[in-house]
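Down below is the structure, laid out as structure tokens.
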Amino acid sequence: MSRLNTETIHAESVQQRDLTVPKYRRESVTPGIVHLGIGAFHRAHMAAYVDDLLAENPGWGIIGASLRRPDTRDALAPQDFLYTLAIRDASGTRCRVIGSILDVLDASSQRSQLIETMADPRIRIVSLTVTEKGYCHDPSTGELDQRHPDIVHDLAHPEAPVSAPGLIAAALDLRRRRGLAPFTVMSCDNLPSNGRTARRIVTRFAELRGGDLAAYVANVAFPSTMIDRIVPATTDADRDLVREITGLDDAWPIMTEPFTQWVIEDHFPTGRPPFDTVGAQLVADVEPFELMKLRMLNGSHSTMAYLGYLAGHHYVSEAIADPAIHTLIRGLMTEEAMPTLPMARPVLEAYRDQLLARFANPALKHRTWQIAMDGSQKLPQRLLGTIRDRLAAGQGIERLALGVAAWMRYVTGIDEAGQPIEVKDPLAARLRQLADAAGGDAEKLAKGLLAVQEVFGSDLPLSPAFTEPVTRRLRSLLEIGAKATMGQVA
Ligand code: CS2
């Protein structure tokens with residue numbers, strides 16, 4: 001079997017396969033974007049939009065960078081950085097080869113080359129999908145965490161940064177010293193006002209670095225975006241399926257759904273490609289779209305991840321097929337999230353129904369365990385923001401409180417059969433310590449976890465309207481389990 005690469009995609013045998021390949025001459029594409037965090041989501045989302053526009057706009061190729069591990073580079077380099085995007089639903093799987101990524105740099109071993117690339121005048125956008133924890137911020141305040149080990153390192157070694165803020169600052173400083181205009185920083189992560197959050201983090205980092213950098217950063221644009229596409233982690237079974245369809249070996253194909261959405265704040269003083277010609281929405285204010293997506297899609301996802309995992313569902317499609325979970329999630333969106341959102345009710349109802357159908361996609365093996373990751377970084381914008389708005393309006397939070405209680409139950413690291421749960425979270429050790437100290441007592445466990453200020457801030461732990469339902473639901477989860485507890489929620 002041949003390996004996917006520039007030659008093999010044009011082989012006669014492959015031409016007869018059901019495979020879409022890039023329509024543009026790749027050798028005429030030049031880099032215009034550096035993307036930090038070249039993970040599966042970016043490769044299913046932004047890289048596909050850019051792939052669609054390169055034929056008419058060849059100056060916007062992507063140079064990707066992995067901040068932590070060389071895996072993506074190692075997988076894609078032998079493929080000339082081509083990969084297969086497998087778009088799946090109940091009707092089948094459609095494969096297309098994406099060619100918009102021209103190179104992938106491994107920041108841990110190619111740091112200087114990455115910074116030099118970001119300082120290349122042809123690069124007009126630096127975009128990010130570094131996940132919530134990649135911003136090195138306090139999730140409850142959105143401020144830079146100056147005690148974060150990567151930030152401490154990068155302030156001591158500004159020429160050899162390991163964090164996203166540090167890399168961006170180093171590249172901007174190089175452009176400043178060379179008298180070059182800055183690039184635009186475009187966050188594509190699931191954070192509220194992600195552009196403003198990125199600006200706050202990079203600005204604070206520049207201030208701490210000192211010199212003239214902060215004044216230069218003041219002229220950098222940080223547009224916000226709302227990004228949406230469901231992208232489960234790739235498995236060997238996925239690789240086998242892609243090989244069967246395309247006749248080519250792809251070391252790291254990406255599996256996704258037909259649905260994709262990208263809403264972008266149109267603020268690119270250094271220029272941008274015509275994203276709107278390939279389906280993205282360019283708007284003045286992204287916030288309503290961000291809130292809707294974070295609170296309805298991601299809030300439902302996290303609630304389903306914890307309750308679904310505890311109830312024995314490995315995949316989202318299995319969890320949403322469970323009548324108790326379907327009722328809970330539909331109710332959470334309808335009764336508790338939608339009333340906090342500015343969009344018209346019919347728009348929200350249609351979005352809710354579309355989400356329920358997307359969650360049910362039988363062709364996507366989206367693990368509840370994968371979504372459960374990094375809950376300490378996700379809960380603030382997915383559940384707690386909605387809770388604060390509901391409490392301020394004097395409204396109930398029963399379903400949202402159950403979602404928070406399910407996270408608390410999950411981070412104990414032991415499931416309902418007494419088996420270990422592999423809890424992946426930057427705060428995992430601290431959370432487990434708090435759980436062990438509570439010894440299975442709901443009040444002690446809730447109290448201990450509510451004291452984690454990075455997650456709950458200083459307000460919610462003092463609000464009985466919040467702590468009472470959370471503690472009550474947690475006690476139920478510990479005593480009668482997730483399935484029985486969900487049965488109690490209308
Ligand atoms: C998911 C998101 O893993 C998770 O936390 O909730 O990656 C989700 O699939 C995307 O935001 C969908 O756009």
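Tell me which residues come under 5 Å, amide H to amide H, from Val104 once H is placed; ignore anything under 5 positions away on its chain.
Amide H neighbours of Val104: Gly64.
For each pair in Lys23/Lys293; Lys378/Lys424; Lys293/Lys378; Lys133/Lys483; Lys293/Lys483, compute the distance between the two Cα atoms and list the pairs where it is over 23 Å.
Beyond 23 Å: Lys23/Lys293; Lys133/Lys483; Lys293/Lys483.
Rounded to the nearest 20 debye, what is the charge dipole size of the range 3-72 about its Cα centre when +1 sits on each Lys and Arg Cβ and -1 on each Asp and Glu Cβ?
260
Mind checking the per residue accessible area of the range 76-227 for me, 1.4 Å probe, whole number of Å²?
Roughly 35 Å² per residue, with all protein chains present.
At 1.4 Å probe size, put Thr225, Thr467 in order of accessible surface, largest to smallest.
Thr467, Thr225
Sort the following peptides by mean Cβ neighbour count (other Cβ atoms within 10 Å, averaged over residues), highest first: 338-348, 247-257.
By packing density, highest mean first, the sequence is 247-257, 338-348.
Tell me the mean residue ellipticity at 222 nm calculated for the chain from its helices only (DSSP H runs of n ≥ 4, each -39500 (n - 2.57), averaged over every residue, nearest 500).
The per-residue figure over the chain is -12500 deg cm²/dmol.
Mind checking the dipole of the range 238-390: about its Cα centre, +1 per Lys or Arg Cβ, -1 per Asp or Glu Cβ, Debye to the nearest 20?
Dipole of the range 238-390, to the nearest 20 debye: 380 debye.
Considering only protein heavy atoms, what is the solvent-accessible area of Tyr83 at a probe of 1.4 Å, reported in Å² to the nearest 10?
0
Within the range 199-236, which residues have the backbone N less than 19 Å from the label spot 7 Å out from Val152 along Cα→beta-carbon, could you tell me?
Within reach of a label on Val152: 205-206, 208-209.
For the range 67-173, taking Cα atoms only, what is the radius of gyration to one decimal and the Dmax to the nearest whole Å?
Cα only, the range 67-173: 16.9, 54 Å (Rg, Dmax).
Taking the C-alpha atoms of the chain, how large are the radius of gyration and the largest Cα-Cα span, Dmax, in Å?
For the chain, the Cα radius of gyration and maximum Cα-Cα distance read 22.7, 68 Å.
Apply the Karplus curve 6.51 cos²θ - 1.76 cosθ + 1.60, θ = phi - 60°, to the phi angles in the range 255-262 and return the couplings in whole Hz, x for Gly and Pro.
Taking θ as phi minus 60°, the curve returns 9, 7, 9, x, 5, 8, 8, 8 Hz for the range 255-262.
At a 1.4 Å probe radius, carbon and sulfur cover how many percent of the accessible area of the chain?
The value for the chain is 51 percent carbon and sulfur by accessible area.
Under unit Cβ charges (Lys, Arg +1; Asp, Glu -1), what dipole magnitude, rounded to 20 debye, does the chain have relative to its Cα centre?
420
Relative to the compact globular guide of 2.2 N^0.38 Å, what is the alpha carbon radius of gyration of the range 1-138, as a ratio?
In units of the 2.2 N^0.38 Å rule of thumb, it is 1.08.
For the range 20-32, take each phi angle, set θ = phi - 60°, evaluate the Karplus expression 6.51 cos²θ - 1.76 cosθ + 1.60, and give the result in whole Hz per residue in order, putting x for glycine and proline.
8, 10, x, 8, 9, 7, 5, 5, 8, 8, 10, x, x
Order of 450-462, 187-199 by packing, highest average Cβ count within 10 Å first?
Output ranking for 450-462, 187-199: 187-199, 450-462.
Using R₀ = 60 Å, calculate the FRET efficiency as 1/(1 + (r/R₀)^6) where r is the Cβ-Cβ separation of Ser108 and Arg345; round to 0.05.
After rounding to 0.05, the efficiency reads 0.80.
If you take every DSSP beta bridge whose two residues both sit in the range 1-142, what share of them, in percent to the nearest 5, is antiparallel?
The antiparallel proportion sits near 30 percent.
Mean Kyte-Doolittle of at least -1.0 plus a Cα span of 27 Å or more along the axis: flag which DSSP H helices in the chain meet both, please.
Membrane-span-like by this rule: not one helix.
Please list, in order, the residues from the range 368-388 whose amide nitrogen is less than 20 Å from a point placed 7 Å along the Cα→Cβ vector of Lys424.
368-382
On a 1.4 Å probe surface of the protein chains, which of Thr20, Thr334 comes out largest in accessible area, and what is the full order?
I get Thr20, Thr334, largest accessible area first.
Starting from the amide H of Gln281, placed 1.01 Å from N in the peptide plane, find each other amide H under 5 Å away whose residue is 5 or more places distant or on another chain.
Trp262, Val263, Ile264
Report Rg (one decimal) and Dmax (nearest whole number) for the range 47-94, counting Cα atoms only, units Å.
13.7, 37
The values are calculated or read from the model by the stated rules, or taken from the named source; none is laboratory data. As the structure is a prediction and not an experimental result, all values here were calculated from the model. Neighbour counts run over all protein chains shown; Cβ positions are idealised from the backbone, glycine included. Surface accessibility is based on the protein's heavy atoms, side chains included, excluding ligands, DNA and RNA. Shrake-Rupley method; radii C 1.70, N 1.55, O 1.52, S 1.80 Å.
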